[in-house]
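Presented below is the structure to which this report refers.
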Amino acid sequence: MDAARPLDALNNARDKRVIVELKNNRQYVGKLKAFDIHINVVLESAEENVEELVEKEIDGKTVSVKTGKLVMKRKLGVVFIRGDTITIISPE
Amino acid sequence: MDAARPLDALNNARDKRVIVELKNNRQYVGKLKAFDIHINVVLESAEENVEELVEKEIDGKTVSVKTGKLVMKRKLGVVFIRGDTITIISPE
Amino acid sequence: MDAARPLDALNNARDKRVIVELKNNRQYVGKLKAFDIHINVVLESAEENVEELVEKEIDGKTVSVKTGKLVMKRKLGVVFIRGDTITIISPE
Amino acid sequence: MDAARPLDALNNARDKRVIVELKNNRQYVGKLKAFDIHINVVLESAEENVEELVEKEIDGKTVSVKTGKLVMKRKLGVVFIRGDTITIISPE
Amino acid sequence: MDAARPLDALNNARDKRVIVELKNNRQYVGKLKAFDIHINVVLESAEENVEELVEKEIDGKTVSVKTGKLVMKRKLGVVFIRGDTITIISPE
Amino acid sequence: MDAARPLDALNNARDKRVIVELKNNRQYVGKLKAFDIHINVVLESAEENVEELVEKEIDGKTVSVKTGKLVMKRKLGVVFIRGDTITIISPE
Amino acid sequence: MDAARPLDALNNARDKRVIVELKNNRQYVGKLKAFDIHINVVLESAEENVEELVEKEIDGKTVSVKTGKLVMKRKLGVVFIRGDTITIISPE
């Protein structure tokens, strides 16, 4: 992903596994198959990860706490991700 | 949905059942009938799913808790979904 | 609303009653009279629906609870809805 | 406001009193004097309405409650409303 | 500010004092010196107003309450306001 | 910053110290070195200011309270600010 | 990063370490390898930093408090950052 223009960098990542993160804090990991100038992206063999939630007792109250660790929520296979919802793309 | 450009991937999913997820966390499942470059989408035989809410007693208090499981909220038949509200599209 | 392009689908719904839902969770139901490429929409004989709120006692406290059911808030007659606020359009 | 294109509908409402609602839940009522393709709008003899707030005692606590009724907040005379903040326009 | 097109209305307000309100609820009052098609605006002798906050005792608790009244926060002199943050412009 | 068009006003402020405020309530103060039609801006000798937070005891509880006063958070030197995040620009 | 146009300033920062901050408050630090007119950016040897959270006891309750200090969350190597999510870019 070394390149003079940002899209060249995405081109170098084609067919490699990348992490795609969205504005709504979801994370998708999969093989980068396609992208365009809007940064619409298609991943193959994709998984959706979410932040792990554990129940914890704080001061005698049971509350849900985010551990900061990402865990797999579901396998999606092929997924089309709309560009304007993406924050970052990074090779795994 | 294997393709060099993201819209080719949507084209491969035409007439197949897809999951469409929105920025407001709603999910629509239906047969992909049409789409355009704005990712405006038309589904047929569509259903809207929402996260299941159950009432649970925590520390003596009744609260509504999301189970993380999606349940059908309503059948919509045909639905036009505006592209800029979409996060992902994935074959079911 | 069966069509190769999403706007054809809206065209098929012209003069029929449709549900239009907005990003702010409001719902309008009326006869589809006009639309354009921005998905600006004009409805006739339109009503605005909102989620029903009931007062409920939970653990000795009176709270407002959404029932998930939509109830009519007001009759609007003709209404112009700006496209970029719309999430879905579906024949009733 | 019966028309084949949405902007024709606005044209039919020119010089009539209309309700304009914004994404931030404010409502303006006034005579429609001008609009353009971005749905920028100019109203004359305009008023800004807000949802009525009343103080109510619930379970021994004084809280502010929205009644759902709109009450006039201020007279504005002429007002220019930027199109991308508008959700709906409807003749009064 | 009587005009066939919205920008004519702004033109009529040039060199007059106007109220400019933003999506983040801030309000600027000043003399309208310049604007463009994006509704970028320049005010002169401008002030920024914010909603007055008073401390009030409710049920034995001190809380900050908005009075709904606008009070001057600071004098800005000349201010450039980016169009896409504006909701309304109205002669004072 | 007196000008017929908003960008002329920014041009008059070139090489002077300006306040730039963002939609996320951050404030940057520095010498205006460059800007373009998207209102992308470059400041030199820039500082980032944030609203001062103090700990205060209210009704026996320690809470963090915003004083409304801006205090320097960090020196940034040169900073590029993306236009669509800006609300206002004003000479200091 | 001294320049007449904002993008010249980014050009001067090429191959130097920069801080990139996003609308969702995340911060990336890395070597600036590429950018385009949308301010899409590619960083190399990048790290993601987040505000440090510490557990603190306030009035007998354990709460999570942000210290305002940034700590490294993860090493990302190469990262593509979508322009419309960026607020500022500044040489380290």
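Ignoring ligands, DNA and RNA, what percent of the accessible area of region G:6-91 is carbon or sulfur (1.4 Å)?
About 51 percent, which is the carbon plus sulfur part of the accessible surface.
Percent of Cα-Cα pairs more than 46 Å apart in the protein assembly as shown, please.
21
Return the average number of partner chain Cβ atoms within 10 angstrom of each residue Cβ along peptide B:17-28.
Whole-number average of other-chain Cβ neighbours for B:17-28 is 3.
Would you tally the net charge around F:Asp84, using a Cβ to Cβ cut-off of less than 11 Å, leaving F:Asp84 out, and scoring K and R as +1, D and E as -1?
Result for the local shell: +2.
Multiplying the sequence separation of E:Asp15 and E:Glu92 by 0.36 nm and subtracting their Cα-Cα distance, what value in nm do you get?
That works out to 26.5 nm of additional length.
Treating the beta-carbon of each Lys and Arg as +1 and of each Asp and Glu as -1, no other charges, what is the dipole magnitude of the protein assembly as shown about its Cα centre, to the nearest 20 debye?
380
Computed over the Cα atoms of region G:6-91, what is the convex hull's projected area averaged over all directions, in nm²?
For region G:6-91, averaging the hull's shadow over all directions gives 6.0 nm².
Could you do me a favour and compute the accessible area per residue for chain G, 1.4 Å probe, result in Å²?
46
For the rotation bringing A onto E, which A residue has its Cβ nearest the axis, and at how many Å?
Here the nearest residue and distance are A:Asp84, 8.
Name the long-range amide H neighbours of E:His38: under 5 Å, sequence gap of 5 or more, or other chain; modelled H, no Pro or chain starts.
Correct list: empty.
To the nearest hundred square angstrom, how large is the accessible surface buried between D and E, total for both chains, probe 1.4 angstrom?
About 1900 Å² of accessible surface is lost on pairing.
The values are calculated or read from the model by the stated rules, or taken from the named source; none is laboratory data. Computed from a predicted model, the values in this text were never measured in an experiment. Methodologically, a virtual Cβ is constructed for each residue, glycine included, from the backbone with ideal geometry; neighbour enumeration extends over all protein chains shown. Just the protein is used for accessible areas: all its heavy atoms, side chains included, with ligands, DNA and RNA removed. Shrake-Rupley method; radii C 1.70, N 1.55, O 1.52, S 1.80 Å.
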